[in-house]
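None of the figures in this text is laboratory data; all of them are computed from the coordinates on show. Please read all numbers here as calculations on a predicted model, not as lab measurements. Ideal geometry is used to build each Cβ from the backbone, glycine not excepted, and the neighbour counts take in all protein chains shown.
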Amino acid sequence: MSDLPQSTPAPRRPSALRRAWDSDLAWSFRHAPLAVISLCLVLLLVLSAVFAPLIAPHDPFNPASLNLMNGFTPPMEPNAFTGDEFWLGTDDQGRDVFSTILFGLRISLFVGFAAVMFAMTLGITLGLLAGYLGGWVDTVIMRIADVQLTFPAILVAMLIFGIAKGITPVEYRDQMAIWVLIFAIGLSDWVQFARVVRGATMVEKSKEYVQAARLIGRSGPAIMMRHILPNVLSPVLVIATISLALAIIAEATLSFLGIGAPPTQPSLGTLIRIGQGYLFSGEWWILLFPSVILLALALGVNLLGDWLRDALNPRLK
Amino acid sequence: MSESMQPTLSIRKLVVEIPTRHGILRPVDQVSYDIQPGEILGVVGESGAGKSMAGNAVIGLLSPPAHIAGGEVWLNGNRIDNLSRSQMRRKRGREVGMVFQDPLTSLNPLLPIGDQLSETIIEHLNVGKSEARRRAIAALEEVGIPAAAERVDSYPHEFSGGMRQRVVIALALCAEPTLVIADEPTTALDVSVQAQIIALLRRLCRERGTAVMLVTHDMGVIAEAADRVAVMYAGRLAEIGPVREVLTAPRHPYTAGLMASTPLASQGKRRLNQIPGSMPRLGALPEGCAFHPRCPRAAARCAAGDSPHIDSCDGRAACWFPIDASAKESA
Amino acid sequence: MTALVRISGLSRVFDVSKPLLNRLIERLPKAMLTAVSDVSLEIEERTVYALVGESGSGKSTIGKMVVGLLPPSEGAVEIDGIDLASETDAQKIDAARSEIQMIFQDPFASLNPRWRVRDIINEPVTARGGKANGLAERLLDQVGLNAADAAKYPHEFSGGQRQRICIARALASQPRMIVCDEPTSALDVSVQAQVLNLMSDLQEEFGLTYLFISHDLTVVQHMADRIGVLYLGRLVEEAAADALFETPRHPYTQMLFAAAPKMDGFGREVEPPKGEIPDPISPPSGCAFHPRCPIAVDRCSRERPEMRQVHGTRVACHLAE
């Protein structure tokens with residue numbers, strides 16, 4: 001590169017796709033086999049959840065298609081009474097385990113994504129405000145965060161869930177359950193977003209481009225949204241990925257404890273709770289398959305998050 | 001200094017390489033120079049010229065993946081570029097002292113400075129604890145720390161920036177090394193403190209016969225402190241020689257351009273002479289002489305083939321068409 | 001000529017106390033750092049006024065108060081007769097503000113890395129709801145870059161080129177004055193020359209006024225018409241550039257000039273200056289320089305010297321003549 005005014009005209013810029021492929025991030029991704037495998041795994045799971053109604057051989061929520069006689073069919077074996085075969089067997093009510101897993105994955109992923117989005121929005125907003133404004137705003141927000149950090153996240157979620165359940169009318173409880181779950185998990189998770197964003201905001205705020213924006217006459221909100229926010233997003237992305245794994249686990253835990261997703265909309269956690277009742281009576285498949293899928297999902301997302309953290313960390317380059 | 005004297009440090013065609021995904025970078029390329037006992041060699045260059053990298057290579061402090069890919073480094077007649085890490089570590093404290101730009105990176109914030117000094121003295125000089133402490137106080141006195149006997153138990157943060165740099169110099173010198181590598185030792189300091197530190201370095205060098213490699217971007221510091229100067233450009237040595245000759249009658253067009261673009265007190269408000277462009281990135285070095293696209297004297301020969309090397313030119317400037325001072329050419 | 005900027009009795013105090021709880025437990029008093037103390041000066045239109053001083057001299061703090069990034073603790077900054085601190089008409093303040101822009105020291109921190117160069121340069125106009133109409137391209141051309149560079153991001157440029165982009169951004173609001181806070185100290189010598197030349201050219205072309213803040217005496221001498229020397233937040237000497245370098249009258253200025261490395265000072269043996277800059281939280285009594293001053297007398301430690309005229313130079317020293 002040269003400071004010459006008459007320097008040669010810039011060569012034609014390669015296409016956006018080409019640039020993305022050539023970027024350091026993409027390069028580091030291509031050279032991390034574990035990350036590639038994790039991404040494939042997570043993509044496979046997400047796609048099968050999204051297209052569950054098309055893939056699933058049975059509709060587990062349509063009572064008309066259920067045959068109680070099919071209950072407890074082992075995997076890959078014809079049912080003793082009906083002769084129907086199921087890849088992964090059936091549960092006590094004759095529902096196809098493979099299909100319930102697909103639909104359960106849907107609920108789990110939806111709750112996970114939505115909870116992280118909620119936590120992220122809340123955390124980024126509060127973190128930006130605390131970091132940019134400082135003073136008492138910062139003190140109040142961060143003390144609330146400190147207090148919340150002293151409780152385990154799952155306890156906070158249970159508390160919120162309990163309160164929400166108490167104030168919702170009984171007839172809406174099942175409908176509301178998923179949203180309450182999202183709210184509870186999200187609210188228990190905003191602190192780490194807020195902390196990271198606050199720290200990054202304080203660093204960015206002291207940089208001279210922010211002072212330049214102030215000189216131009218930009219207002220506080222405009223500086224926060226247009227200047228600082230884009231520069232604090234990379235650590236947020238890392239936390240969001242790892243949070244997604246944690247949120248999915250948290251949802252499974254709550255559902256497993258029976259206070260999460262209702263049996264009418266079973267998530268992977270609900271399936272595991274149902275399944276563990278049959279483990280010792282020999283119907284192992286009802287527990288095993290949902291557990292394996294949950295494990296694979298959480299592990300895949302977590303490995304992706306780990307890779308992303310290393311790839312975005314300039315000190316490790 | 002007589003030519004027959006064995007140089008304290010001798011670098012021969014040193015090459016440092018960094019493999020990256022875009023290819024191999026050479027931040028130091030075929031660099032050779034000697035430093036005699038008691039001599040201060042100034043190494044100047046703009047950022048990215050490889051001046052610090054050469055110093056780090058000498059003391060085995062290259063951070064991977066950077067590594068020495070060729071050439072030799074001799075310290076007091078022993079070859080040291082092929083030593084193992086642990087052998088190098090011993091040499092580093094004993095025979096080579098180091099002073100960096102930020103004094104805090106060389107000091108342990110959790111230990112009193114006296115302990116850090118004694119530790120180094122005990123490790124390298126084989127003396128007892130009380131003797132080491134006595135020597136530590138003496139070392140602090142020597143670098144001009146007032147009330148050294150009382151301040152020997154203070155922590156690094158209790159000193160001002162200038163005093164901290166003195167402590168670092170005491171630490172670098174307490175094992176009585178034969179070579180000191182000072183990498184931008186005054187860049188973080190104020191003008192008045194900088195003058196104190198330079199005077200200190202020069203005095204110690206003269207009194208003890210220590211050789212000093214003074215790495216800096218400040219031509220003024222070089223002019224005042226160094227005996228000889230090595231000018232680096234894009235990883236290569238552009239010019240080397242006695243400081244007065246190089247600065248007043250530069251032979252390499254880059255040195256000449258550098259001198260002309262420095263605002264001089266005596267010249268007042270005239271327009272500064274500027275070198276067009278900026279230093280090329282290591283990944284995109286031009287063919288031939290790395291300086292030729294910015295050079296006012298460049299000819300066809302400069303743009304093709306190998307880059308000129310000092311040894312194949314006149315021994316002072318790596319240039320096919322050096323400026324001949326006697327011909328009264330304008331720089 | 002008229003003064004574009006009039007600074008009178010300007011002071012700035014920073015509260016650097018530990019948090020309240022620590023203070024109560026450790027029984028510490030409040031710690032106040034006086035960064036700028038009672039500085040008065042005037043900057044004439046279309047001139048270059050340089051502030052020099054070592055670290056802690058308050059030169060950057062003065063620059064920030066002039067552009068309005070920091071409010072003064074005491075005293076006033078008047079721009080074209082408008083006092084930014086006491087003026088109530090928001091429109092007048094906004095107009096006065098937009099006439100003063102700033103260039104910062106670190107060309108890597110002063111451009112938002114996520115913005116295209118075009119948006120960075122156009123921001124002063126678009127933020128006020130204006131239309132850019134190729135302004136960025138025109139300005140890039142003016143500062144010696146390519147109009148095609150407007151579509152690139154800051155990381156694609158070298159330090160010197162980034163500083164040119166910063167200058168283009170400052171020019172976008174058509175200022176009458178630019179405060180330059182160590183604009184070249186992060187740059188290499190050969191690039192510094194390019195940027196300084198560009199700044200001189202632009203001053204001529206647009207009739208700009210510069211407040212040039214630097215610790216580098218050679219750069220200051222090259223650029224400035226008038227120079228103010230600061231020590232520990234106080235203006236100790238002010239004179240036309242030639243006069244100051246010819247006969248520095250304040251002992252601190254003399255010390256500073258003697259200590260600065262000279263390009264032709266081969267093997268120069270000078271007595272290095274004594275001592276270091278004192279702690280600004282508890283500055284020395286009387287004249288702040290007296291503990292290091294070679295000619296200090298009793299009076300210097302008791303009485304703070306006023307600025308007074310000595311042969312056309314303003315100097316704050318009891319003994320200067």
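Structure notes:
- Cβ-derived FRET efficiency at R0 35 Å, A:Val50 paired with C:Asp119, nearest 0.05: 0.45
- Neighbouring Cβ atoms from other chains, within 10 Å of the Cβ of residues in C:106-115, number 5 on average.
- Over chain A, the alpha carbon radius of gyration divided by the compact-protein estimate 2.2 N^0.38 Å works out to 1.24.
- Only Lys, Arg, Asp and Glu carry charge here, each on its Cβ (+1 for the first two, -1 for the last two); on that basis the stretch C:236-314 has a dipole of about 200 debye about its Cα centre.
- Rg and Dmax of the stretch A:71-125, Cα atoms only, in Å: 17.8, 59
- The peptide list C:204-213, B:166-175, put in order of mean Cβ contacts within 10 Å with the highest first, becomes B:166-175, C:204-213.
- Relative contact order of chain B, taken over Cα pairs closer than 8 Å and 6 or more residues apart, is 20 percent.
- A crude spin-label estimate for the pair A:Asp92 and A:Phe151, with each label 7 Å from Cα along the Cβ direction, gives 3.3 nm.
- Among B:Gly77, B:Gly114, B:Gly161: highest mean-square fluctuation, GNM of chain B, C-alpha pairs under 10 Å: B:Gly77
- Placing +1 on the Cβ of every Lys and Arg and -1 on the Cβ of every Asp and Glu, with no other charges, gives the protein assembly as shown a dipole of roughly 260 debye about its Cα centre.
- Whole-percent pair-distance distribution, where bins are 10 Å wide, for the alpha carbons of the protein assembly as shown: 2, 9, 15, 19, 19, 15, 9, 6, 4, 1, 0, 0
- Note on C:181-192: average number of Cβ atoms from other chains within 10 Å of each residue's Cβ is 5.
- Legend: mean number of C-beta atoms from other chains within 10 angstrom of residue C-beta atoms, peptide C:267-275, equals 5.
- Working note: Debye formula, equal point scatterers on the alpha-carbon atoms of chain B, no solvent; log10 I(q)/I(0) at q = 0.07, 0.08 Å⁻¹ is -0.30, -0.40.
- Result for chain A in a Gaussian network model with C-alpha springs under 10 Å: among A:Leu17, A:Leu271, A:Leu102, the largest mean-square fluctuation is at A:Leu17.
- Across B:Ala238, B:Ala303, B:Ala226, mean-square fluctuation computed from a Gaussian network of chain B (C-alpha pairs under 10 Å connected) peaks at B:Ala303.
- Across the cross-link table entries B:Lys13/B:Lys91; A:Lys205/B:Lys51; A:Lys207/C:Lys262; A:Lys205/C:Lys18, which are compared at the Cα atoms, the separations over 25 Å belong to A:Lys205/B:Lys51; A:Lys207/C:Lys262.
- Equivalent ellipsoid, the stretch C:189-321 (semi-axes from 5 times Cα gyration tensor eigenvalues, Å): 29, 19, 14
- Theoretical FRET efficiency, 1/(1+(r/R0)^6), r = Cβ-Cβ of A:Asp24 and B:Asn76, R0 45 Å, to 0.05: 0.55
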